[in-house]
Amino acid sequence: MSEPRRPLTEHHRRFDLLTNEVARLWQTLPPRDRLVVGLVHALRAVLAASLGYFAALELGLGQGFWAAITAISVSQSSYAEVRSSSRDQFVGAMIGGLIGLGAAMLGHDHYLAYVLAVIAGMLLCSVFDLGAAGRISGITTTIIMLVPHNGAFWQFALFRLGEVTLGAAAALLVTLAFGLLERRLFGNPPSS
């Protein structure tokens, strides 16, 4: 008699099957269609990155490249996907920023404080089922604690959150504009 599957194991198995099916479907697209999809995605991403970058610079955030990185990171093919990814970016940056800030104030020159801060943020996101926010939390903590910067840690953390917010908002705006343009030009039904 075989042992019953554990729910987490079954979840991972089903997710792997779904991921493989999506990859197989993508590969069946003709190269020309993949080229068009890739070009449109790249245009959305670079427009969102540019919008986020220049908005951050206009607001006096000296490291607007974080907004550009965030915009590219959250760019997806539908508004719903961008919204979900943006939420994860914002929540992860907030949690990672707060935990990184706290750990930096307690012992920014101790690598152990950094390790514990990354683990705490990722665990917190996992416990509250916050999707990819855990990864973003770890990245944000790493940026706050390991990237050299001038000024106070709280200011660096706050600016980082502002830059993430600008990048995510830029990606949302560009994706919404592309969706409206697509419906106008091609009469496609709206993406959720």
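Bear in mind these aren't lab numbers, they're just calculated from the coordinates by the rules spelled out. Predicted model only: the values in this text are computed from it and were never measured. Positions of Cβ are backbone-derived with ideal geometry, glycine not excepted, and every protein chain shown enters the neighbour counts.
Sorted ascending by nearby beta carbons within 10 Å, beginning with the fewest, Val40, Val118 become Val40, Val118.
Farthest toward the positive end of the dipole of the chain, out of Ile119, Met94, Ala168, is the Cα of Ala168, where the dipole comes from beta carbon charges about the Cα centre. Fewest neighbouring Cβ atoms within 10 Å first, the residues Trp26, Trp66 line up as Trp26, Trp66. For the peptides 162-171, 30-39, residues were scored by their other Cβ atoms within 10 Å and the scores averaged per peptide; the highest-first order is 162-171, 30-39. Comparing Ala55, Trp154, Ala133 along the charge dipole axis of the stretch 41-186, the residue lying farthest to the positive side is Ala55, per the Cβ-charge model.
Would you calculate a helix-derived [θ] at 222 nm for the chain, using -39,500 (n - 2.57) for each DSSP H run of n ≥ 4 and dividing by the full residue count, to the nearest 500?
Values: 7 runs with 154 residues, N = 192.
Calculated mean residue ellipticity at 222 nm is -28000 deg cm²/dmol.
Sorted largest first, the principal axis extents computed over the alpha-carbon atoms of the chain equal 64, 54, 24 Å.
Which value, in debye to the nearest 20, gives the size of the charge dipole of the chain about its Cα centre, when Lys and Arg are +1 and Asp and Glu are -1 at the Cβ? Walk me through the numbers before you get to the answer.
Details: 14 positive and 12 negative charges, 92 e Å.
Result for the chain is approximately 440 debye, rounded to the nearest 20.
As a length-normalised measure over Cα pairs under 8 Å and 6 or more apart, the relative contact order of the stretch 104-184 settles at 22 percent.
Stretched out straight at 0.36 nm per residue, the stretch from Arg14 to Val127 would grow longer than its current Cα-Cα span by 38.5 nm.
For the pair the stretch 64-116 and the stretch 13-36, the centres of their Cα atoms are 29 angstrom apart.
Kyte-Doolittle cut-off -1.0, length cut-off 18 Å along the helix's own axis using Cα: show which whole DSSP H helices in the chain pass.
Numbers: long enough: 7-28 (32 Å, -0.82); 31-58 (40 Å, 0.89); 79-107 (40 Å, 0.59); 111-127 (24 Å, 2.25); 133-146 (19 Å, 1.24); 153-186 (49 Å, 1.17).
Helices passing the filter in the chain: 7-28, 31-58, 79-107, 111-127, 133-146, 153-186.
Counting pairs of alpha carbon atoms under 8 Å apart in space and at least six apart in sequence, what relative contact order in percent does the chain give? List each step's numbers first, then the result.
Values: 248 pairs, mean separation 54.1, N = 192.
Once normalised by length, the contact order is 28 percent.
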